[in-house]
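Peer 1: I have a structure I would like to understand better, so I am pasting it below and will then ask my questions one at a time.
The values are calculated or read from the model by the stated rules, or taken from the named source; none is laboratory data. All values reported here derive from a predicted model rather than from experimental measurement. Heads up, the Cβs are rebuilt from the backbone with ideal geometry, glycines too, and the neighbour counts pull from every protein chain shown. Surface areas here come from the heavy atoms of the whole protein model, side chains and all, with no ligands, DNA or RNA. Shrake-Rupley method; radii C 1.70, N 1.55, O 1.52, S 1.80 Å.
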Amino acid sequence: MNTQNTPVHVKLWHREFWLIAISSLLLTMSVYMLIPVMPHWLMLTENFTAEETGMVMGAFALGLYFFGAPCSWLVQHYRRNVVCMWSIVAVGLATGLLGYIDGLRLEFVEFWVILVQRFAMGAAFGLAQMILASTLIIDTCESFQRTEANFSASWFSRFALSLGPLAGLMVYQSGFHVVLLVAIGMAAASLLLLKMVKFPFRTPEEGVHVMSLDRFFLPHGFVLFVNLLLVCVVVGLLLTIPHQPVFYALMMGGFLLALLAQRFVFRDAELKSEVVTGLILMVAALLVMLVYPASPVSPVCVGLSVGIIASRFLLFFIKLSRHCQRGTSQSTYFLGWETGVSLGIGLGYLLFYQQAEQLLYTSLALTLTALAMYHFFTHAWFIRNKNR
């Protein structure tokens, strides 16, 4: 159980798995495209203050939980892939609402309209990804491939953290409305790919409660959730600093290095070393940003750090889950990741707008806190409580 690597099964990478993984990537990219450009549009075009922009961007995190409790009931009473597809449609419609507002050329759109839009997008995206990660990925795999399937599919969504903002910044040169059109196109492509997958029929379970924690949140994984949340808040804070497209391209390079490191560097290493190394790399990236903001080393270190930490925490959640809780563990991991990133973005504009140095020092303090928590408490707690 303390092995650092997951087995590789060539047969996992069949047509249906590829379609679902790429669908998840495109859906996540369509949402992440807005991260670097929507705040700029809100403040320059719609005359929002930095505080209002922070609250709007942070509302996405609250929306993620809206359909969490009824998620299990929805997938049991309706075709799970159909529920997921309607959620993707809702993401596209929420994005289209921004296009409608932008097309009206309103300089003073009501704050609550954008707040509700961002909340609704979070709710739709949260439901779609919880069903994708906790149910649809598993439905297309053999039982012995499910851990590898969850591990591999998560990388596609992780890549969107660099590819989404990169695409958004490059397209933004042609206008915000073009960014929205591309984002809607990606959501439509995600929907089309998912529609091409044939899912086996599952007999609905009896006695499923309308509201439950099944496929939503793993209560005994709360410690891991908090530790992951701390790391992802730092990631969100860093995304509020204005970056050139090359920053996100280099971050993607860091993700690819993380994949290689997991296969070759950490293959037989002590289990604790992966997260500790990842957090040390994040500390190094933050220090480099403080001393030399334009250094190409920092985005590579950020990508390498996030790739190592996030994939290891995902496997921790799986190993912590009990029988029939694999899907719930995936949703809990997803919520920890997305909540942290969204809160970090919201806090970045709310508290640290145009104060990069204070933001970096705060990020450094949060990273050291996450490192101390993991080293002195979380890892030992996980070893005592894991079930796989």
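Peer 1: Please compute the Kirkwood hydrodynamic radius over segment 27-150, one decimal place, Å, based on all pairs of different Cα atoms.
Peer 2: Numbers: mean 1/r = 0.0637 Å⁻¹.
Kirkwood hydrodynamic radius for segment 27-150: 15.7 Å.
Peer 1: Return the distance in nm (one decimal) between the two label points of a simple spin-label model at Arg384 and Val89, each offset 7 Å from Cα along Cα→Cβ.
Peer 2: Computed distance between label sites Arg384 and Val89 equals 4.9 nm.
Peer 1: Rounded if a/c is under 1.5, else prolate if a/b beats b/c, else oblate: with a ≥ b ≥ c from the C-alpha gyration tensor eigenvalues square-rooted, which is segment 111-174? It would help to have the intermediate numbers written out before the result.
Peer 2: Working: a/c = 4.37, a/b = 1.62, b/c = 2.70.
Cα axes put segment 111-174 in the oblate bin.
Peer 1: Taking Cα centroids, how far is segment 272-305 from segment 153-199 in Å?
Peer 2: For segment 272-305 versus segment 153-199, the Cα centre distance is 27 Å.
Peer 1: Turning to a different aspect of this structure: Just to confirm, what accessible area per residue do you get for the chain at 1.4 Å probe, in whole Å²?
Peer 2: Numbers: 15790 Å² over 388 residues.
Ligands and nucleic acids excluded, the result is 41 Å² per residue.
Peer 1: Longest span of the chain, sites excluded, free of GluC sites (Glu not before Pro) in DSSP loop with at most 16 other C-beta atoms within 10 Å?
Peer 2: Numbers: sites that count: Glu107, Glu110, Glu142, Glu205, Glu206, Glu270.
Result for the longest clean stretch: 271-388.
Peer 1: What's the tally of Lys pairs in the chain whose alpha-carbon atoms lie under 29 angstrom apart, where the two lysines are 8 or more places apart or on different chains? Before the final figure, lay out the partial values.
Peer 2: Working: Lys11/Lys195; Lys11/Lys198; Lys11/Lys319; Lys11/Lys386; Lys198/Lys319; Lys272/Lys319; Lys272/Lys386; Lys319/Lys386.
The result is 8.
Peer 1: Here's something else I'd like to know. Tell me, in nm to one decimal, what length is gained between Glu205 and Leu181 on full extension, where the rule is 0.36 nm per residue of separation less the Cα-Cα distance? Working shown, then result.
Peer 2: Values: separation 24, 0.36 × 24 = 8.64 nm, distance 3.97 nm.
Extra length available between Glu205 and Leu181 comes to 4.7 nm.
Peer 1: Here's something else I'd like to know. Estimate the FRET efficiency between Arg15 and Arg263 by the formula 1/(1 + (r/R0)^6), using the beta-carbon distance for r and 25 Å for R0, to the nearest 0.05. Before the final figure, lay out each step's value.
Peer 2: Numbers: r = 24 Å, r/R0 = 0.98.
Between Arg15 and Arg263 the formula returns 0.55.
Peer 1: Which of the peptides 172-178, 219-225 is most tightly packed, and how do the rest follow, judged by the mean count of other Cβ atoms within 10 Å per residue?
Peer 2: Numbers: 172-178: 14.0, 219-225: 16.9.
In decreasing order of mean packing, 172-178, 219-225 become 219-225, 172-178.
Peer 1: On to the next question. Tell me the Rg and the Dmax, in Å, that the Cα atoms of segment 262-388 produce.
Peer 2: My reading of the Cα-based Rg and Dmax gives 16.0, 49 Å.
Peer 1: Ranked from highest to lowest mean number of other Cβ atoms within 10 Å per residue, what is the order of the peptides 185-195, 324-334, 228-238?
Peer 2: Details: 185-195: 19.9, 324-334: 23.5, 228-238: 25.2.
Result, highest mean Cβ count within 10 Å first: 228-238, 324-334, 185-195.
Peer 1: If you add up the charges near Ser331, with Lys and Arg at +1 and Asp and Glu at -1, over every other residue whose beta carbon is less than 14 angstrom from its beta carbon, what do you get?
Peer 2: Working: positive: Arg80, Arg215, Arg326; negative: Asp214, Glu338.
Surrounding charge for Ser331 is +1.
Peer 1: I've got another one for you. Compute, for segment 101-207, the length of the dipole vector about the Cα centre, with Cβ point charges of +1 (Lys, Arg) and -1 (Asp, Glu) only. Units Debye, rounded to 20. Mind dumping the intermediate values first?
Peer 2: Details: 7 positive and 8 negative charges, 43 e Å.
For this selection, approximately 200 debye.
Peer 1: Let me ask something else. On the protein heavy atoms, probe 1.4 angstrom, tell me the percent of accessible surface of segment 83-206 carried by carbon and sulfur.
Peer 2: In segment 83-206, the share of accessible area belonging to carbon and sulfur is 68 percent.
Peer 1: From the helices alone, meaning DSSP H stretches of at least four residues, give me the mean residue ellipticity at 222 nm for the chain, per-run term -39500 (n - 2.57), in deg cm²/dmol to the nearest 500. The partial results should precede the final answer.
Peer 2: Details: 15 runs with 272 residues, N = 388.
It comes out at -24000 deg cm²/dmol, rounded to the nearest 500.
Peer 1: Still on this structure, please answer the following. Using the Kirkwood radius built from alpha carbon pairs, what does the Stokes-Einstein equation give as D for segment 333-388 at 25 °C and 0.890 mPa s, in µm² per second? Mind dumping the intermediate values first?
Peer 2: On the way: Rh = 13.2 Å.
Once the numbers are plugged in, D ends up at 185 µm²/s.
Peer 1: Could you rank Leu351, Leu320 by how accessible they are, 1.4 Å probe, largest area first?
Peer 2: Details: Leu351 100, Leu320 0 Å².
Ranked list, largest accessible area first: Leu351, Leu320.
Peer 1: If a helix is a whole DSSP H run, which ones in the chain reach 18 Å or further along their own axis (Cα) and hold a mean Kyte-Doolittle hydropathy of at least 1.6?
Peer 2: Values: long enough: 15-32 (25 Å, 1.20); 50-63 (20 Å, 0.79); 80-104 (36 Å, 1.29); 111-131 (31 Å, 1.49); 146-172 (38 Å, 0.46); 176-195 (29 Å, 2.17); 222-239 (25 Å, 3.11); 245-260 (23 Å, 2.03); 273-291 (27 Å, 2.45); 297-320 (34 Å, 1.88); 326-352 (38 Å, 0.42); 356-373 (25 Å, 1.15).
Helices meeting the criterion: 176-195, 222-239, 245-260, 273-291, 297-320.
Peer 1: Then there's this: Points 7 angstrom from Cα along the Cβ direction at Arg322 and His220: gap in nanometres?
Peer 2: 0.5
Peer 1: Further question: Where the convex hull is taken over the Cα atoms of the chain, what is its projected area averaged over directions, in nm²?
Peer 2: Numbers: hull surface 70.5 nm².
Mean shadow area of the hull around the Cα atoms is 17.6 nm².
Peer 1: Let me see the P(r) profile for segment 204-266: every Cα-Cα distance counted, bins of 5 Å, each bin given as a percent of all pairs.
Peer 2: Percent of pairs per bin, in order: 4, 11, 12, 13, 15, 14, 12, 7, 7, 3, 1.
Peer 1: Modelling each spin label as a point 7 Å along the Cα-to-Cβ direction, I'd like the Met170/Arg105 distance in nm, to one decimal.
Peer 2: Modelled inter-label distance: 3.1 nm.
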